[in-house]
Each structure stands twice: as C-alpha cells, then as structure tokens.
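Participant: Next up is a structure, given as structure tokens.
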Amino acid sequence: MEKWEELLKNPEISDFINRHQGAATRITMASQKLAENSDALEALMKLLPALDQQVVNVFFSYKTEDEAAAKAIVDTLEENAGGKLNITYQARFTEEIVGQSWRQEIRNAVYKANWFILLIPDPSNELDWPLYEVGLFEGQRTSADRLICLYRYHIPSQIEDYQGVEVTDTDEVSKFLQMVFLNENPVPGMKPLNSKMAGKIPELSQQFVRAVSPLKQSITHKVFEPWIKLRVRDLARLQTRDDLDQAEILSANDKVLELFDFMEAPATWGTLRSTIPEAKGDGRWREELFQVVRLIATKRRFDPIQAVFQAHDGKIYHPVVHAIDLRGEKEGVIEFFHITFSEEVGAFDPSAMPKSLFVLVTTLRFAFRFRWEVLEKFSRRPFTEADVDLLACALKRIETDWHSRGMTDQTALARCFTQRDGERLERISVEWRKLRNEQRTGELDAAIEEKELEKIPDLLAGIIPLNQEFLEMAINRFAELTRDEGQDHAASNHGGRYIASVLDGGPLEMHR
C-alpha cells in the first residue's frame with residue numbers, strides 16, 4: 001500500500017471524506033503531495049477544512065502604523081480571489097473583542113491559517129508583536145503551510161530563511177501574485193484560485209507597489225532654491241536655445257516665481273525667462289542651460305553651468321539642472337527636467353563698468369587664478385600621478401569658467417593696451433599656445449596625457465616669468481584706466497558717462 005493510501009485510511013481522514021464527498025478528489029491529491037513528508041498526517045489534517053470549502057485561510061500580520069497599506073493589499077487579494085481567500089487581520093477585529101478574548105481570537109486565526117503573511121515596510125519599527133504572531137504560527141506550522149514576508153528593505157533576521165517578497169519590486173510582486181492566483185496547489189490538492197487573472201497581474205503588481213510605497217504617510221518634497229519642473233516634448237528637435245523656450249512648465253515654487261517676477265507660473269519656459277532683460281548678443285546663461293539640457297538628452301557628460309544673470313532684486317543667479325525624471329526603468333525616456341537657480345554671491349555687477357575695463361579686470365582675475373591654482377602649485381617637485389589628475393582638473397575648471405564668461409576674443413583684450421603692450425600680449429599668448437591649445441596638441445597637453453612626471457613641472461615653471469610679465473603689464477594698465485575713469489567721472493554731472501577712449505563699445509551687456 002502506498003503511503004498516501006495509508007493517509008486516507010486514517011480514521012479521522014476517512015470519516016471526513018465520508019462526510020464531505022465533494023472534497024474527496026482534492027484530499028486524495030493532497031495526500032499524494034504530502035505523503036513523503038515527516039508530518040504528512042498532521043499537515044493533511046490541518047488542510048481538510050480548506051480543501052472542503054476550497055478556501056485558503058490566511059492570517060495577515062502588520063504594525064498598526066502600516067494599517068492603510070495592509071488594508072489596500074488585503075482588498076487587492078480578496079477582490080481577485082473569487083471568494084477563495086479567507087483573510088484575517090487586525091482591522092477586522094471588533095471593539096467587543098478585548099483582553100483575553102482578543103488574544104484568543106488571534107491565536108485561533110493563526111492556528112488555522114494555511115498562509116501567514118507578514119508585512120514589514122519599515123524594519124526599524126518595533127516588531128515584537130508581529131514576531132510574537134509569527135511565533136504562534138511557527139509553533140503549529142506544517143509542511144503544507146506558507147510563511148511569506150512582504151518587506152521593503154530587508155527581512156528580519158528571525159525569519160530570514162522564509163519566502164520573501166520585496167514589495168517595491170514589481171517583478172517580485174508579480175511572482176507572488178502568480179503564486180496566489182495562478183499556480184496549481186496554492187495549498188496541496190487545490191486548483192488555482194483564479195486562472196483568469198493572468199492578464200491582470202501587471203496592473204495588480206503596480207497597484208500593490210503603490211499601496212506600500214507611501215509607508216506611514218505621504219512625503220512632500222520641499223525645494224528651498226528657486227525651482228521649476230520642465231517637460232520638453234521633442235528632445236530631438238532641440239537645435240538652439242530658442243527651441244528650449246517651448247518647454248512646458250509643470251511645476252514652479254514661489255521662490256522661482258518671485259525671481260522672475262510672476263504671481264502664477266506661465267505655460268512655458270520662454271514666457272518665464274522673458275522678464276530677464278537681455279542686451280544684443282547677451283544671454284550666455286540661456287545658451288549654457290540649453291547646451292546642458294541637450295547633452296543630458298543625448299546621455300552625454302556635461303560641465304556645470306557657469307554663466308549668470310541678474311534678477312530684478314539685484315541678486316545674481318546661475319541655473320543648475322539638478323535632476324531628471326525618467327519614465328519606467330533607469331534607462332527610460334526623460335519625462336521632466338528639474339532646474340534650480342542658485343544665488344551667485346561671489347559674482348559682481350559690472351553694469352557701471354566700461355567694457356574694456358571689465359575685460360581687463362576679468363583677465364587679471366584669471367591670471368591670478370592661473371598663477372596660484374596651477375603654476376605655483378604644480379611647478380614644484382615631487383610631482384606624482386595624482387598631481388597630474390589634480391592639474392588637469394584645475395585647468396579644466398579655469399578654462400570652463402573662462403569660456404563661460406565669453407573671454408575667447410583676444411582682440412577685445414588687446415584693445416585695452418597700447419600697441420607695444422599688445423605685441424607683448426601676443427608673444428605671451430603664442431608661447432602659451434605652444435604648450436596648451438583647444439586641439440590639445442600642445443607640449444603640456446601631451447605631457448599630461450602621457451603622465452610625464454619630470455617634464456610637467458618644468459614646463460609650468462617656464463611659464464611663471466610670462467605670467468609675471470602679464471600681471472605687471474595688466475596691473476599698470478588697470479591703474480591707468482581707473483585713474484582716467486575717475487577723473488572723467490569727477491568732471492561729469494553723473495557717473496553713467498564715460499570717455500570714448502575707455503568706453504570702447506558701450507557699457508557691458510548684462511551677462512557674465
């Protein structure tokens with residue numbers, strides 16, 4: 001006689017079959033599934049009510065603060081199980097069940113459960129009571145039962161060997177729902193609970209994940225910087241900064257509305273930014289913003305935006321593309337761009353400064369940076385491979401800032417000097433371009449590429465005299481220009497008029 005046949009001849013089981021003939025086939029199938037288990041008789045005895053009623057008894061355990069998520073999950077399971085899940089959970093206990101009666105009600109429900117489902121969205125919460133309920137289930141658990149932990153971060157160590165379902169992973173949730181609704185033998189001997197659910201599993205998985213994601217309460221993301229969320233409908237058609245003007249504004253906080261002088265958010269980026277005045281040829285901050293958006297759209301690296309603009313309150317800002325939202329997976333289509341505007345406290349307003357003077361001041365600033373961020377720092381030994389990387393970073397930072405400020409026009413700087421000093425400036429520039437140029441074919445470029453540790457400091461040391469020559473020449477010229485400007489200002493009725501020789505093209509446009 002087979003072991004499963006011996007199980008069916010057990011007096012209690014035989015008597016149950018005689019009284020519940022409709023369950024005979026299911027009980028036979030269950031006995032065949034369980035026959036080789038050491039607890040086969042105990043497991044089959046516990047299954048008899050479920051096989052007779054064709055209902056899986058479930059105890060759902062959770063912390064009180066997770067009750068909203070628990071209710072949503074239970075509703076999802078019950079609504080789609082065709083009446084074949086009998087789920088007991090704390091929210092269904094009536095107020096009349098108190099004290100020892102309440103505890104006894106829990107024990108009874110746990111003892112008869114075929115499945116024990118434990119919800120733990122936040123393992124940092126106190127878990128004494130849920131783990132007490134797990135202990136009750138473990139005390140009478142058979143090989144026909146399931147203990148399933150729905151977790152968000154990790155399974156508690158006390159039950160880490162049991163089946164776990166990461167509730168924020170739709171693939172994991174889909175497998176769990178397939179087990180619940182579609183698999184044969186959800187408990188031994190029972191047919192699938194609802195084989196018609198196959199097409200609904202993906203939708204239910206999303207619903208399941210949404211139920212648990214909020215945890216205890218919804219979360220509000222508050223941005224302290226001026227901030228907007230933009231949607232660009234067709235990223236492939238972005239060709240110029242004016243194309244970006246058509247981007248839709250999905251959200252905007254009060255700070256950004258105040259910055260651009262709006263009470264309510266307009267429909268497009270072009271309308272919002274239009275309140276910032278631009279002189280002819282101005283707007284490098286818009287150009288850099290456009291370039292960064294386009295680079296992100298094509299999955300390319302980009303440098304931080306350096307260019308700035310002045311708002312109505314006199315403060316100076318620069319835009320930062322600080323985040324994007326993707327549709328679906330991490331490599332999905334870009335849905336939104338998040339842009340903040342950070343105040344640039346180190347920038348100054350040169351609107352009252354003659355253009356030639358501004359060009360000279362800006363160049364002087366970079367000459368000082370180059371002297372102490374590059375020449376003095378990296379022209380001495382010992383020089384290591386780590387220093388090569390630091391040098392390349394320093395050069396890139398300075399050059400990015402230089403280009404952002406529109407300082408690539410050598411003739412604009414030359415016009416600040418006399419003809420003789422202009423020739424000296426050209427000689428200095430020629431010598432530098434032998435070492436480093438935009439094509440990265442200079443002697444210093446090659447030395448950095450090849451990490452020539454002995455050669456690099458010597459090349460930089462050779463530049464120090466040229467840097468010193470330029471600083472002396474530029475400082476002297478700066479003193480002359482400011483002296484002349486001061487005399488002209490004193491002779492004029494207002495400070496907004498400049499002598500023609502210093503003005504050299506009119507006031508500086510309002511971008512840096």
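What follows draws every value from the coordinates through simple rules; no lab data is involved. Keep in mind the model is a prediction, meaning the values are calculated, not measured. All Cβ positions, even for glycine, are placed from backbone atoms using ideal geometry, and neighbour counts span all protein chains on display.
Participant: Starting at the first residue of the stretch 104-118, write each ³J(HN,Hα) from the Karplus equation 6.51 cos²θ - 1.76 cosθ + 1.60 with θ = phi - 60°, in whole Hz, x for Gly and Pro.
Facilitator: Those phi angles translate into 5, 4, 5, 4, 4, 5, 5, 5, 8, 5, 8, 10, 10, 10, 10 Hz.
Participant: Still on this structure, please answer the following. I'd like the distance separating the alpha-carbon centroids of the stretch 345-410 and the stretch 54-87, in whole Å.
Facilitator: Cα centroid to Cα centroid, the span is 65 Å.
Participant: Okay, next question. Using alpha carbon centroids, what distance separates the stretch 437-470 and the stretch 286-336, in Å?
Facilitator: So the separation of the two Cα centres works out to 33 Å.
Participant: With a 10 Å radius around each residue's Cβ, average the other Cβ atoms per peptide and rank 44-50, 310-316, highest first.
Facilitator: Packing proxy ranking, top to bottom: 44-50, 310-316.
Participant: Quick check: the angle from helix 128-139's long axis to the longest principal axis of the chain, C-alpha only, nearest 10 degrees?
Facilitator: 40 degrees
Participant: Give the peptides 52-59, 162-169, 339-346 in descending order of average Cβ contacts within 10 Å, highest first.
Facilitator: 52-59, 162-169, 339-346
Participant: Turning to a different aspect of this structure: Among 440-447, 320-327, how do they line up from the highest to the lowest mean number of other beta-carbon atoms within 10 Å? List each step's numbers first, then the result.
Facilitator: Working: 440-447: 16.0, 320-327: 13.9.
Top to bottom by mean Cβ count within 10 Å: 440-447, 320-327.
Participant: Once phi is turned into ³J(HN,Hα) by the Karplus curve 6.51 cos²θ - 1.76 cosθ + 1.60 with θ = phi - 60°, what whole-Hz value does each residue of the stretch 153-163 show in order, with x for glycine and proline?
Facilitator: 3J(HN,Hα) across the stretch 153-163, in whole Hz: 10, 7, 7, x, 4, 5, 10, 5, 7, 8, 4.
Participant: Another question, if that's okay. Would you calculate, for the chain, the mean residue ellipticity at 222 nm contributed by helices, counting each DSSP H stretch of 4 or more residues as -39,500 (n - 2.57) and dividing by all residues, to the nearest 500?
Facilitator: Mean residue ellipticity at 222 nm (helix-derived): -14500 deg cm²/dmol.
Participant: A further question on this structure: With contacts defined as alpha carbon pairs under 8 Å and 6 or more residues apart, what's the relative contact order of the stretch 195-324 in percent?
Facilitator: Numbers: 136 pairs, mean separation 23.5, N = 130.
For the stretch 195-324, the relative contact order is 18 percent.
Participant: How big is the dipole moment of the chain about its Cα centre under a simple scheme where the beta carbon of each Lys and Arg is +1, that of each Asp and Glu is -1, and everything else is neutral? Debye, nearest 20, please.
Facilitator: Roughly 660 debye for the chain.
Participant: Follow-up question, since we're still on this one. For the chain, what relative contact order do you get, as a whole percent, if you take Cα pairs closer than 8 Å and at least 6 residues apart?
Facilitator: Working: 685 pairs, mean separation 54.2, N = 512.
Rounded, it is 11 percent for the chain.
Participant: Calculate, in nm to one decimal, what GLN54 and THR220 gain on full extension: separation in residues at 0.36 nm each, minus their alpha carbon distance.
Facilitator: On the way: separation 166, 0.36 × 166 = 59.76 nm, distance 4.47 nm.
Residue separation times 0.36 nm, minus the Cα-Cα distance, leaves 55.3 nm.
Participant: So how strong a dipole does the stretch 215-350 carry about its Cα centre when Lys and Arg Cβ are +1 and Asp and Glu Cβ are -1, to the nearest 20 debye?
Facilitator: 560 debye
Participant: Same structure, new question: If you average the alpha carbon positions of the stretch 241-260 and of the stretch 116-150, how far apart do those two centres end up, in angstrom?
Facilitator: Measuring centre to centre over Cα atoms gives 50 Å.
Participant: Sticking with this structure for a sec: With θ taken as phi - 60° and the coefficients 6.51, -1.76 and 1.60, list the Karplus ³J(HN,Hα) couplings across the stretch 468-473 in order, rounded to whole Hz; mark glycine and proline as x.
Facilitator: Each residue of the stretch 468-473 in turn: 5, 4, 5, 4, 5, 5 Hz.
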